[in-house]
Each structure stands twice: as structure tokens, then as C-alpha cells.
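Let me begin by presenting the structure, written as C-alpha cells, before commenting on it.
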Amino acid sequence: MAVSPESKGIWYKLKHNEAAPGIVLMVCAAIALILANSPLHDPWHALFHHALPWTPVAKLNNLHMWINDALMAIFFFVVGLEIKREILDGELSSPSRRRLPVIAAIAGMAVPALIYLAIAGSDPALHRGWAIPSATDIAFAIGVLALAGKGLPPSLRLFLLTVAIVDDLGAVMVIAFFYTSGLDLTWLAIAAAVFIALVAVNRMGVSALAPYIIGAVVLWYAVLHSGVHATIAGVLAALTVPLALNNKHDSPLLRLEHALVAPNGFFIVPLFGLANAGVALGSIDGGPLALPIAIALGLVLGKQVGILGSIVLAEKLGLAARPEGATLRQLWGLSLLCGIGFTMSLFIAGLAFPQSPLLVEEAKLGILGGSIIAALAGIALLKGSTRSSA
């Protein structure tokens, strides 16, 4: 006898509620911000940054590093699974379907970076932060879209998801090519050998999960010591997991994705928010104001101009049609939601200024401010569009 969704409990409802991961992330970000500006600031900071009494990986000697370099590798593994599925059997599987999302995502990354450089580019110390406002947070953006209410065309959510996935792919490439330094060729060679072995396992048609999971852990360990950021291992490992469906319409990729989506959305990303979103407002006195302003304007203004402008231009030039049933106002609201950078922006900020805690704190202020403005403005536009069309 089939069991109704209502009888499956709160965890089932949370897992199947699109807004839930975004709401959990918002709550964790608020907690981190409150604690960072309270009398508990010092113990809260010590919890994540003081050396651990013991660690199985010497390179990761505090909780903050375990979250950012290990748990976030799982986050990027899930991103890699989503990218592969979409490219092989989703909205990015044919030229006609991927044309507009790819154009919008590229423009939505380029324009914020240009705005950032126009404002902060005169200071050489800030150059490395150019990619911070280029990112979009999928969980946050999809969650806010769900909060915007009913009455929006289904094509709008699908388009936002596809643009965000292409955006994630772009962010991964940016991290790999622009935030890598001090390469260790021996560890890099070991990582390449493990990756080739995983590809070979795929080619042999192995469908058991164990070889891919073990290989992914070994690949992560090698990449961690290679000088390339460890999270790139998550994406590389995901690309080797087979998508080919069996007679039960199942595959290793789908099994892993389904198993990891909930832990990723309800544990890893919120924990990352707790460890990274807390900005101590009193500690940024004297910092360069150009940095948070450049990031906030890049997220709020850059994403609007890049994404909405590219959609309108592509439609006028006959390159691609807008999402079915979507109005210009709704697409404007969607482009604003893409200005919610948060998780990926915070992650890139840590990579951009690894030796400057002050600049990281300044960047957090711009990310939080820009993301909040983008979210509120996007909700206002989208809610207004549903009322006017009712």
C-alpha cells in the first residue's frame, strides 16, 4: 500500500521542500553573524580556528580547514554530478536547450567581474577578488524563488537552475585556473593517475559505488597536497561516475546524487555558512571600502545587467527564445536572484585573500549586503509579477 507524503514525517517534507535548504542556510548565516558580534565572538572563532588536538590529515589542523577543504569537496562532488547529468541527459544536453542558459551565465559572471574591477581595480591588493561577485548560490536562489510564491511559470525555475549550474561550472574553472599556486608535481602526477584509473573503471562498466567512492577519497587526498584546491577533486571524481541507466532506470550517478543531496543541503552547506558567514563588524574599521562596495554592486547590479541584458539581446538577435511563459519583469526578478552569491562567493573570498583576514571580513560584508539586497529586490519583483498577472 502506498504511503502518503503527509505520513512520512518532517524529514521527508524537508527533503522535498525546495525552500528548506535555503531557509536553513539563512538561519545559519544569521547565527554566525550574531555570534561574531556578541561576547561569544572569541570562543566562536576558537571553535573553528584553533588547532585540533589530533587530526588524521596533518594539512587540515583545524575545524575550519576540514569544513572548507574536505566537506566542501563533497559539496563540489554533488555539483559535479549535477553538471554531468545536465550535460548528458538534461537541460544542457542539446545546443538549442543550453544556448540561452550558457549565454546568460557567462554574461552573468563577466559583468559583475568588470564592475568589481572598475571600482576596486585601482588597488593592486584587491585584484584577486574579481571573481567573488561572479558566483550564484543555487540553494539560496532556488529557496528564495520558492518563497516568492505560486503563479510563476515552471520554466523560470528550470532556467534559474540551469544558469546556476553553468555558473557553478564557471566558478570551478575559475578556482582551478586562477586560485591555484605552488604546484607539487609529484602529488599532481599521483592525482592524474588516480583520475585516469577512475575513468578506466568507468569504461569497464563497473556500476558498484565502492570503487568510485574510494577513488574519490584518494583523489581528494592527492589534490589536497598538489597545490590545486582540494575541492576540484570533488568535481573531477564526479565526472567519472557513470550515468548510463540500467533496466531499472537507475545508475551509480543517480544513486550518489540522491544519497548526497540532503546531507549537502542540510548539513555541509549550513555548516560552511556557520564557519564562514560571521563577519565581526568592529574588526573592519580602516579596511578599504572599495572592496565591499565593489562586491555588493557586482552582485546586485552586475548580475542584473549581465543576465537580463543577455536574455533580451539573444532574443532580439534570434539566437534563443526566452523561457516559455516568462515575462520581462519575471526575468528581471530572476536575474536579481542570481545576485545571491553567498556560499560560492564566500568560498572564493577565502581563496582570493588567504593571507589577509581583514580583506576576507570586508569581502564577507559585501557578499552578505549584496546577497540580501538581491534577494529582497528579486522577491519584490517576482511577487509583483504574479499579482499583476492574476
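Kindly indicate whether any position in the range 300-313 is closer than 28 Å to Val269 by Cβ and either surrounded by fewer than 20 Cβ atoms within 10 Å (Cβ to Cβ) or out of contact with any helix residue (DSSP H, G or I) (no Cβ under 8 Å at 6 or more places or on another chain) (or both).
Checked against the condition, which is being closer than 28 Å to Val269 by Cβ and either surrounded by fewer than 20 Cβ atoms within 10 Å (Cβ to Cβ) or out of contact with any helix residue (DSSP H, G or I) (no Cβ under 8 Å at 6 or more places or on another chain) (or both), the range 300-313 yields at least one hit.
For the range 278-348, which helices (runs of 4 or more DSSP H) that fit wholly inside it have 3 or more residues that are within 30 Å of Lys150 (Cα to Cα)?
Per the criteria, 309-316, 328-337.
Using beta carbons and a limit of 9 Å, which pairs, at least six apart or on different chains, have the first residue in the range 99-127 and of a type in the set (Ser, Thr, Tyr) and the second one in a loop (DSSP other than H, G, I, E, B) and open to solvent by 10 Å² or more (accessible area, probe 1.4 Å)?
Note: pairs meeting the criteria are Tyr116/Trp130.
Has the range 101-121 got any residue that is under 29 Å from His249 (Cβ atoms), part of a helix (DSSP H, G or I) and at pLDDT 90 or above?
Yes, because at least one residue in the range 101-121 is under 29 Å from His249 (Cβ atoms), part of a helix (DSSP H, G or I) and at pLDDT 90 or above.
Which condition from (1) at pLDDT below 90; (2) touching a helix residue (DSSP H, G or I) at 6+ places or on another chain (Cβ under 9 Å); (3) more than 29 Å from Phe353 (Cα to Cα) is the one that Thr180 breaks?
Looking at each condition in turn, Thr180 falls short on (3).
In the range 254-264, is there at least one residue being in contact with an Asp or Glu (Cβ under 6 Å, 6 or more places away or on another chain), open to solvent by 50 Å² or more (accessible area, probe 1.4 Å) and assigned to a helix (DSSP H, G or I)?
no
Being on the phi < 0 side of the Ramachandran plot, among the charged types (D, E, K, R) and touching a Pro at 6+ places or on another chain (Cβ under 9 Å) narrows it down to one of Lys303, Lys316, so name that one.
Lys303
Tell me yes or no: at least one residue of the range 137-153 is modelled with pLDDT of 95 or more and under 29 Å from Leu289 (Cβ atoms).
no
Give me a count of the residues in the range 343-388 that are polar (S, T, N, Q) and over 21 Å from the mean Cα position of the chain (by Cα).
Count: 5.
Would you mention how many residues in the range 44-70 are farther than 21 Å from Phe267 by Cα and of a type in the set (Gly, Ala, Ser)?
Number of matching residues: 2.
Quick one: Ser251 ticks every box in (1) surrounded by fewer than 19 Cβ atoms within 10 Å (Cβ to Cβ); (2) in contact with a Gly (Cβ under 9 Å, 6 or more places away or on another chain); (3) modelled with pLDDT under 95 bar one, so which box is it?
Answer for Ser251: the failing condition is (2).
Do we find a residue being of a type in the set (S, T, N, Q), in contact (Cβ under 8 Å) with a residue 40 or more places away in the chain and touching a helix residue (DSSP H, G or I) at 6+ places or on another chain (Cβ under 9 Å) anywhere in the range 66-79?
Scanning the range 66-79 turns up at least one residue that is of a type in the set (S, T, N, Q), in contact (Cβ under 8 Å) with a residue 40 or more places away in the chain and touching a helix residue (DSSP H, G or I) at 6+ places or on another chain (Cβ under 9 Å).
Checking the condition open to solvent by 20 Å² or more (accessible area, probe 1.4 Å), in contact (Cβ under 8 Å) with a residue 12 or more places away in the chain, part of a helix (DSSP H, G or I) and within 21 Å of Pro242 (Cα to Cα), which residue from Ala197, Ala193 passes?
Ala197
Only one of Gln355, Gln330 is farther than 24 Å from Ser38 by Cα, in contact with a Ser or Thr (Cβ under 8 Å, 6 or more places away or on another chain) and among the polar types (S, T, N, Q); which?
Step by step, each of Gln355, Gln330 is checked, and only Gln330 is farther than 24 Å from Ser38 by Cα, in contact with a Ser or Thr (Cβ under 8 Å, 6 or more places away or on another chain) and among the polar types (S, T, N, Q).
The values are calculated or read from the model by the stated rules, or taken from the named source; none is laboratory data. Everything numeric here is computed off the predicted structure, so don't read it as measured data. Note: ideal-geometry Cβ built from the backbone for every residue, glycine included; neighbour counts use all protein chains shown. All accessible areas refer to the heavy atoms of the entire protein, side chains included, with ligands and DNA or RNA removed. Shrake-Rupley method; radii C 1.70, N 1.55, O 1.52, S 1.80 Å.
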